[in-house]
Structures are given as structure tokens and as C-alpha cells.
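Let me begin by presenting the structure, written as C-alpha cells, before commenting on it.
Quick note: the coordinates plus some simple rules give every number you see, no bench work behind them. Fair warning: this is a prediction, and the values are worked out from it, not measured in the lab.
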Amino acid sequence: MELTDIVFAIDSILVAVAMSSKTWVILSGGILGIIAMRLVIGKLLSLVQRYPPLVDGAFVIIAWVGLKLIVEYLHTEGYIGWEFPRRCRSG
């Protein structure tokens, strides 16, 4: 169980580093990741056992986030000329 907490905390820290250069964002992402896993891991495992396709959905979401991070990096470094919009415009 602790290993799962550490893995998800490292994951949230890596995403926070990729998305922000602010130290407080990175630290709070890691801390909130550990707290969230502590609170929900039991329920999450029983839910996944009950509905196995949720695992496939999680992989799709992770792949999408990874793709967005790669495209953002390639755009920042000047390898590609397009990027994903950062937010939706209303109105």
C-alpha cells in the first residue's frame, strides 16, 4: 500500500514539475497525491475489481496527458509549430 502511495506521489510531482515552475505547486501536488491515495485506494481497488474496463479508461487518460506534455515540450523547444489550447474561451 505504501509503495502505491509513493508511486502516485512521484507521478503527481512529475506532472506538477511539467506544468509549473512554482515550488509550492509541486510540493502540494505530492502531498495531496499521498493523502488522496491513502483515502481512496481501498475503494478504488474494489471498484476496479467490479468494473475492469475502468483500467482501460485510466490508461487512455494517462496516454492523453502524456501526449499533451510531449506536444507542449516539442512546441516549447521549437520542433513543432502547433500546440494544444490551454483553456476554453467562453462567449
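Relative to one another, the C-alpha centroids of segment 34-57 and segment 58-74 are positioned 21 Å apart. On full extension, the segment bounded by residue 76 and residue 40 gains 9.4 nm, given 0.36 nm per residue less the C-alpha separation.
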